[in-house]
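The values are calculated or read from the model by the stated rules, or taken from the named source; none is laboratory data. Nothing here was measured: the structure is a model prediction, and the numbers come from that model. Glycine also receives a Cβ, built like all others from the backbone with ideal geometry; neighbour counts cover every protein chain displayed.
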Amino acid sequence: MSRGRQAQAIKLSREDRKSLELLTRRGTAEQRQVVRAQIALMCHAGASTTAIAEAVGVSVQTVSHWRSRLARKGVQGLQEVPRPGRPRRIGETQRLELLALACEPAELQGRATPTLDELVDRAVQRGVVQQISRSHLQRILQAGDLRPHRVRQWLHSPDPQFRQKVNEICALYRRAPKGSVVLSIDEKTGIQAIERKHADREPQPGRARRREFEYIRHGTQALIAALDVHTGRVIGSCSDRRTQADLVAFMEQVALAHPKGRVHIVWDNLNTHRAQAVWDDFNARHGNRFVFHFTPLHASWVNQIELLFGIYSRRVLRHASHSSIAQLRERTEAFMAQRNQAPQPFKWTFAGFELQTGEPLRFKHHANVRSTKKGR
């Protein structure tokens, strides 16, 4: 009885086997490439077509196909060959020109992002293509990973002393000078006491919570807070306005909470923070114990209190309904009191610190700019 045609013997060179073995272990390799490499290695080892098909999880016809390609072309036979079909009507140069058109503004000193229809008209008018549909243009933009309609806000600091100021503040964040405390201070203004006019409808399976759009305003509050960056303790005060007098009154509370030792204050460049005459008089009353450090221009993210304000907005203000200013104040004070029961400092990191000071980073997980909360 005939046993069928004998399978073609495959012999690979040592270099080819090594490259194929590396391919099978590469986590980022395409699955189809890994399967072909496994077939080639098992063919070289002398395994039968049926055994290879069962081990790799493909059909016998697939194994026979790649075994035949290996016998005729060697390892190069595992690569893809050009597929038949109509050639591209829009060449690579034209595609690059279309991507460049999509990066241009829609209007000078006006809209930044053009529509697909406007891009189509512009491409035809400039002679990039004779004609193109909006769906074809959209596919080209998607293939180029270009989304001109999306805009992300970005803020840079024009401060010429950016490096010096950030280094100074980062040094305080890393270690407080002996016998001193480092406080991060700022104001959160315009906090609205909003009451929902109608009660929410509770969520149900398959349906989100429903809320009427109407609300009642009961006024606004300004929150001034100071965060001890090394202990996590918070001092806060609510007021109807944000004036120089309100800030000085709050700083008197800070001085009372820290009656001894030097106090380093980190805050931004607000006009009330820059009133040198006011703070010279305040400092004189407290033995010149206070040292003020200003964040770089347009770099309020250097101030750690912004992290606390973000948590406060999510925990206290978001989706909340406050029937009065008094209730808003009560919930704000309760939030700060709760954090002070078990205070924890923020794990604030800035990757640029190593480049600016030459000192080695203590943690390997530093990213560009990251700020997280321990145990949060």
Q) Can you name the residue in the range 151-160 that is surrounded by fewer than 16 Cβ atoms within 10 Å (Cβ to Cβ) and closer than 17 Å to W301 by Cβ and, of all such residues, is farthest from the chain's Cα centre (by Cα)? A) P158
Q.
I'm told K347 meets every condition in (1) surrounded by 15 or more Cβ atoms within 10 Å (Cβ to Cβ); (2) touching a strand residue (DSSP E or B) at 6+ places or on another chain (Cβ under 9 Å) except one. Can you identify the failing condition by its number?
A. (1)
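For the subset of the range 185-217 comprising residues that are among the hydrophobic types (A, V, I, L, M, F, W, C) and over 32 Å from the mean Cα position of the chain (by Cα), which member is farthest from Q304 (Cα to Cα)?
First, the residues of the range 185-217 that are among the hydrophobic types (A, V, I, L, M, F, W, C): 185, 191, 193-194, 199, 208, 213, 216.
Narrowing the set further to residues that are over 32 Å from the mean Cα position of the chain (by Cα) leaves 199, 216.
Details: A199: 36, I216: 33 Å.
For the range 185-217, the residue satisfying everything is A199.
Looking only at the range 75-120, count every residue that is on the phi > 0 side of the Ramachandran plot and not assigned by TED's automatic domain parsing to the domain that holds Q138 and tell me the total. Reasoning before the result, please.
Taking the range 75-120 first, the residues on the phi > 0 side of the Ramachandran plot are 85, 109.
When the remaining residues are screened for being not assigned by TED's automatic domain parsing to the domain that holds Q138, the result is 85.
Total satisfying the criteria: 1.
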Q: Restricting attention to the range 42-55, report how many residues are assigned to a helix (DSSP H, G or I) and surrounded by fewer than 17 Cβ atoms within 10 Å (Cβ to Cβ).
A: 4
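Looking at this structure, is I39 in a helix (DSSP H, G or I), surrounded by 18 or more Cβ atoms within 10 Å (Cβ to Cβ) and of a type outside the set (K, R)? Before you say what the answer is, go through the steps one by one.
Numbers: in a helix (DSSP H, G or I): yes; surrounded by 18 or more Cβ atoms within 10 Å (Cβ to Cβ): yes; of a type outside the set (K, R): yes.
The answer is yes for I39.
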Q | Among the residues listed as G236, G219, G190, G232, the single one being surrounded by 15 or more Cβ atoms within 10 Å (Cβ to Cβ), assigned by TED's automatic domain parsing to the domain that holds T349, on the phi > 0 side of the Ramachandran plot and modelled with pLDDT of 90 or more | A | G232
Q. If you scan the range 71-96, which residues turn out to be within 16 Å of I132 (Cα to Cα), charged (D, E, K, R) and surrounded by fewer than 16 Cβ atoms within 10 Å (Cβ to Cβ)?
A. R88, R89, E92
Q | Search result, residues across the range 161-184 that are surrounded by 14 or more Cβ atoms within 10 Å (Cβ to Cβ) and over 25 Å from the mean Cα position of the chain (by Cα) | A | E168, L172, A176, S180, V181, V182, L183
Q) When the range 299-334 is examined, which residues are found to be crowded, with 17+ Cβ neighbours inside 10 Å, more than 21 Å from the chain's Cα centre (by Cα) and of a type outside the set (D, E, K, R)? A) V316, L317, H322, I325, L328, T332
